[in-house]
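The values are calculated or read from the model by the stated rules, or taken from the named source; none is laboratory data. Everything numeric here is computed off the predicted structure, so don't read it as measured data. Cβ sites come from the backbone with ideal geometry, for glycine too, and all protein chains shown count toward neighbours. To get the accessible areas, we keep the full protein, side chains included, count just its heavy atoms, and leave off ligands, DNA and RNA. Shrake-Rupley method; radii C 1.70, N 1.55, O 1.52, S 1.80 Å.
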Amino acid sequence: MLTPYRMDTNSLYLTEQLNLLGVDVIFKSVVGDNRKLMVAAAEHALFRSDIVVFSGGLGPTEDDLTREAVAEALGVNLRQDPEIVKHIEQRFAGRGWKMTTNNLKQADVLEGATVLPNANGTAPGQWISGEFDGREHIIVLLPGPPHEMKALFEGEVRERLRAKVPTAHLFTRTLKIAMLGESAVDARVAPIYKRYTEVETTILAGAGEIELHFKARGMTIDEAQARADEVADLVEDELEDAVYSRNGESLEQIVGYWLQMRNATVAVAESCTGGLLAERITSVSGSSRYFLGGAVVYSNQLKTELAGVPAEMIHRHGAVSREVAAALAEGIRYRCESTLGVGITGVAGPSGGTPEKPVGLVYHAVASDSGTEVVQRHFTGDRKRIRRFASTMGFDMLRRKLM
């Protein structure tokens, strides 16, 4: 997990499941395969938390050290469980494989632990509930492969935890905001959420999108939701139509909902975004009901041939211009016979910019029966970020047009 080749998804899943049980996750740690460091991490976790969940490091190889590290941190011994040995031997025999002796390491169980059977692998989980250093603790060891970890948590751990933790519920309301900056959003809403100290507020920023998370605790889920929604409702009133979702939907989903409600269709002509807008539209299941298609018109020739932009217009104003963006939107709408047409042209960089038309300059246009709207924006960041910003701006223009 410390290399760039694996993404930690286990902690995200476990955080979600623990939150559903009313358990706050206050720390996550990723430790390399070093016994001394793992023991120190385990001791620190036991000092700061009542519930500690370890994931990974339960396999048969030399670098699988979780059992040994936790045993050392707790000051307990490991014992080999003959039933686990039997299970491992049967699993190998059933597949016609020869079992190497290092697999027996997976049968080592911490003193006082309950074995959690793993139907999807050879390494079982372990559960310890008891006093450590003068405090009650729950310690859970889970295998690392996600399909094994999830099945074992759901089958063996969830109900054990539910029986142990005090009855409580956590609820998080998420507001998603388009095309407002993080500091601008916080300046407007901080005076609101600061009044509600019992609701935890988190702000997450992306390329053209902000998420506000309001997390509250209650004895029932309805009580927790009411507390979170009290703040969220006031914030939504303040930000008005900049908020596009409060139930987790993506911007592309919301635009799809609006298109279907209006019985409308859309087509796109993209230059600097290179098809990203179309890709995001079609990532939503059922988008064929409202997305007719479009064209990636990177060259000036194809802007003319596929979207009908006059060559003389490109020569006079340049490919990156208000006039060409409008012509792209109008041309692709005409060619595809769609309700709406979107045109995007700009300088994604890092090369190609000029003093008059710098990197990050993007023109967006939406054409409809009522006319064509063009918006000029200057985005900062690398090529990937600028393209993402530009596609998000296109979605937000569509959303506002349809509202």
Once the in-chain neighbours fewer than 8 apart are removed, the lysines whose Cα is under 25 Å from residue 357 read 303, 384
Expressed per residue, the solvent accessible area of region 142-192 in Å² (1.4 Å probe) is about 47
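What does the convex hull of the Cα atoms come to per residue for region 1-108, in Å³?
On the way: hull volume 15.6 nm³, N = 108.
That works out to 144 Å³ per residue.
So which trypsin sites (Lys or Arg not before Pro) in region 72-128 end up in coil per DSSP with only 15 or fewer other C-beta atoms within 10 Å?
Numbers: sites: 79, 86, 91, 95, 98, 105; in loops: 95, 98.
Of the trypsin sites (Lys or Arg not before Pro), the ones in loops of region 72-128 whose Cβ has at most 15 other Cβ atoms within 10 Å are 95, 98.
Determine the dipole magnitude for region 66-200: charges of +1 sit on the beta-carbon of Lys and Arg, -1 on that of Asp and Glu, nothing else is charged, the reference point is the Cα centre, and the result goes in debye to the nearest 20. Intermediate results must be reported in sequence, preceding the final value.
Working: 18 positive and 18 negative charges, 111 e Å.
Using Cβ point charges on Lys, Arg, Asp and Glu, region 66-200 gives about 540 debye.
Whole number in Å², please: accessible area per residue of region 263-348, 1.4 Å probe, ligands, DNA and RNA not counted.
Details: 3660 Å² over 86 residues.
Per residue, region 263-348 has 43 Å² of solvent-accessible surface.
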Here, GluC sites (Glu not before Pro) of region 213-284 satisfying both criteria (DSSP loop; at most 10 other Cβ within 10 Å) are none
In the chain the accessible area split gives carbon plus sulfur, as whole percent at 1.4 Å, a share of 51
Averaged per residue, the 1.4 Å probe accessible area of region 1-141, protein heavy atoms only, in Å², is roughly 56
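Among DSSP beta bridges whose residues both lie in region 176-314, state the antiparallel percentage, nearest 5. Don't jump to the answer; show the numbers that get you there.
On the way: 11 of 16 bridges.
Restricted to region 176-314, the bridges split so that about 70 percent are antiparallel.
GluC sites (Glu not before Pro) within region 148-219: which are DSSP loop residues with at most 13 other Cβ atoms inside 10 Å?
Numbers: sites: 148, 154, 156, 159, 182, 198, 200, 209, 211; in loops: 198.
Within region 148-219, the qualifying GluC sites (Glu not before Pro) (loop, at most 13 other Cβ atoms within 10 Å) are 198.
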Here region 86-97 yields Karplus 3J(HN,Hα) values (6.51, -1.76, 1.60; θ = phi - 60°; whole Hz; Gly and Pro given as x) of 4, 4, 5, 4, 5, 5, 5, 5, x, 9, x, 9
Helix 251-261: inclination vs the chain longest Cα principal axis, degrees, rounded to 10, gives 60
Of 134, 181, 121, the most mobile residue in a GNM of the chain (C-alpha springs, cutoff 10 Å) is 134
Toy charge model, Lys and Arg Cβ at +1, Asp and Glu Cβ at -1: the chain dipole around Cα centroid in debye, rounded to 20, equals 960
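State to the nearest 20 debye the size of the charge dipole of region 1-148 about its Cα centre, where the only charges are +1 on K and R beta carbons and -1 on D and E beta carbons. Don't skip to the end; give the middle numbers.
Details: 13 positive and 20 negative charges, 93 e Å.
Computed charge dipole of region 1-148: roughly 440 debye.
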Relative contact order of region 20-119 (C-alpha contacts under 8 Å, at least 6 apart) in percent is 25
Projected onto their principal axes, the Cα atoms of the chain stretch, largest extent first, over whole-Å spans of 82, 56, 42
Restricting to lysines and to Cα separations under 25 Å from residue 164, and discarding same-chain partners fewer than 8 apart, the set is 28, 150, 215
